[in-house]
1. Quick one: work out the % antiparallel among DSSP beta bridges in the chain, nearest 5.
2. Of all alpha-carbon pairs in the stretch 179-246, indicate the percentage at a distance above 17 angstrom.
3. Compute and list, largest first, the equivalent-ellipsoid semi-axes of the stretch 454-562 from the alpha carbon gyration tensor, each √(5λ) rounded to a whole angstrom.
4. Just to confirm my numbers, what's the Cα centroid distance between the stretch 487-515 and the stretch 667-708 in Å?
5. According to the square roots a ≥ b ≥ c of the eigenvalues of the Cα gyration tensor, what is the shape class of the stretch 64-179, taking rounded for a/c under 1.5, prolate for a/b larger than b/c otherwise, and oblate for the remainder?
6. Mind giving me the nanometre distance, one decimal, between the label points for E284 and S683, set 7 Å out from Cα along Cα→Cβ?
7. Three principal axis extents, largest first, for the C-alpha atoms of the chain, in Å?
8. Go ahead and estimate [θ] at 222 nm for the chain from helices alone: -39,500 (n - 2.57) per DSSP H run with n ≥ 4, summed, over the residue count, rounded to 500.
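The values are calculated or read from the model by the stated rules, or taken from the named source; none is laboratory data. Note that the structure is predicted; figures quoted are calculated from it, not measured. A quick note on method: Cβ atoms are made from the backbone with ideal geometry, for glycine too, and the neighbour counts reach across all protein chains shown. What goes into the accessible areas is simple: the full protein's heavy atoms, side chains included, and nothing from ligands, DNA or RNA. Shrake-Rupley method; radii C 1.70, N 1.55, O 1.52, S 1.80 Å.
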Amino acid sequence: MNNWVKSPVTIQQIAPLCEKFNIDKLLASILVRRGITEGKDILYFLESDMRFTHNPFLFNSMEDAVERITQAEEEGEKILIFGDRDVDGVTSTTILYDYLKQRNIDVRCRLPLESEAYGLSKQAVDDFAAEDGTLIITVDCGISNFEEIEYAASLGIDVIVTDHHNAPENLPPAIVILDPKAPDSGYPFVDISGAAVAFKLVSALRFSHSDFYNSELCLMDITELEDSYEISCVKIRNLVKVKELHEKIIPGKTTIYDLKLPYFLQGQVIYAWNSTEIKKQLNEIFGSGIEFSIYDLQAEVVKLIPALKGKTSSQIHASSTIAKYMSEQMSVSVIDSLFNLYVTWCKKFIAKQNEGASQNEQRDLQLVALAAIADIMPLKNENRIFIKRGIASIKEKGPREGLSELFAQLKINPQALTSTDIAWTITPALNAAGRLGQADLALSLLISSDPAERNSLAARIYSLNEERKRLVSMATFQIKDNKIQYSDDNDGKLFVIVDENIHPGITGNIAGKLMQDKNIPAIVVTKSEDVYKGSMRSCRGFICTEFLSRFGDFFINYGGHNAAAGFSFNGDKLELFHKKIKEIVPSINLEEENLDIYIDAEIPPEYLTPETFNLLDKMEPFGSENRELTLVSKNVRIIDAIKQGKKEPLSLKLVFEFGKYKIPAMFFGQAERLGKDIFTGQSYEILYTMVKNYFNGNVTPQLRLKEVRKS
């Protein structure tokens, strides 16, 4: 029996979070137990505004990418977008293709199909060269394609790599690389999807058509201290801080010639929140002999944000949302708050000028949300906002073209959509096309302008997903029945299966199932056209790409993430593959297996009300590194029990008494326990998560039970 572990928390840990972030004790205690106590992390649970995502120009190479694509547009060049066959690759391709098509750029897209290997191929380069193409943009791939990109360059074709996979030691000779995991990328958060990188590129391209692109300005603020002044300045380019200056000045003692300020401001357009007041202070500091040309920021901002009229810069700082989330060690100054306000105003200004771009951004976010979940990105930092805004867009505006038809096939109610629905229903269906060698169907579904074609494609993808389920079920049965060519658990460190009968498109599915069942890393290998292709899924701190890198030049290619990777090798090397596995296995160190169940909170029966379920709005989306809530209530009485289901094992629908509320609960596959250790009228200790059940337009709170124990 698993231990239920509830870590102790103290009021001293909880109270500061409640006070600073205006949250209740239940949410605060859950965050503390999960180790989420820093404001910079709590921000992404409480906020959902896109303002809190990272600026695309934080990529050091983003301006270079924008300039090269702009050049291609101006000179009428042909552009090829080369993606990957999975959900992340298909959505990445769609996001960039849609934008370039809207700009009337001569663009086409291509994915690896059927038996083609992952990543850019020389064949794709040759085919594009035959069309007199001059620019290839890879999405969700390319970071490992050194030879192919070198080959493209030899044919006069430039390559821009947009990727998010772990970067190899030798980067490809692309003209621009946008990969948060590449050395010196500049981007502050490495764990975004390939679709998010494509989204950042498109966001930068949209911004490049505004008056703010590449314009530089300087914000200034002056703080009056007891016997001195502090002048703070920040230079801004493309809504990114490029340089800061803070200088202390003692009137009568410090002259302007003692300062770096004149050199810092040389040639700058200067803005201050209240230019009249700042000029007055400068006059008091330096005298009337020195003039500063300063524009008033407040006059511009209040046109869009009238509530700020008459506010001082100190008052703006005091009410800054971002400042609230920064710790004392990362304190936000008045000039920081003015910078954040300037960025917010710019975004509002641009959105008002171009409502169409804002609407397209919302459509793109639906795809970014799918990609983050499909590629098992950690649900922290800006990934949380991508998913929250993507799901909100689906609920408020409806699913975008392609998704709408797929939702209809899968019988998904958009209003009831959660990240769990996406993970279990939508992304597997979209992935099925690529897994079974027809990724172009998924791409065509998302980019087609013909409703009839989209309906037909959605139906075909639905059928492919059913076929994928059948293949996985059949392969799983063969594994359980030991009807496979080769399997070895390598002393409980690494489970390896090699079987030529497994469909190449489902090796990742099978590896994932084996990893979860056995709680050790798993590799599944099959054969296709004299090439062995494998997928690896990992757990317990074991990094896939590091493991595969130890094979040296054995593989034709390999790549992936920490927890998931793929590889291929020539058909005559199977025996050597097994030998290398045996050589490496002794050095494998897995984190200790832990079967304890960690409790987020214990909720007394009288405190669980329908309002408590609003907690889900703060904690969702759930997924990688943000598991669903695990809660406990004790002495809860069952007042009704019904067996449900058409197939064995049947499930139990129980109704519990929580004070004055009666709340239903589902206990899947546990109907046989009714009358054995579960009885109506008795009280139990229950382990559960909360869900909101949508039916016929009504939303009702419901529990999903994980275990029931007698109190």
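1. 70
2. Tail of the P(r) past 17 Å holds 61 percent of the pairs.
3. 25, 17, 15
4. Spelled out, the Cα-based centre of one part sits 34 Å from the other.
5. Since a/c stays below 1.5, the shape of the stretch 64-179 is classed as rounded.
6. 6.8
7. Per principal axis, max minus min of the Cα coordinates gives 91, 73, 56 Å.
8. Mean residue ellipticity, 222 nm, calculated: -11500 deg cm²/dmol.
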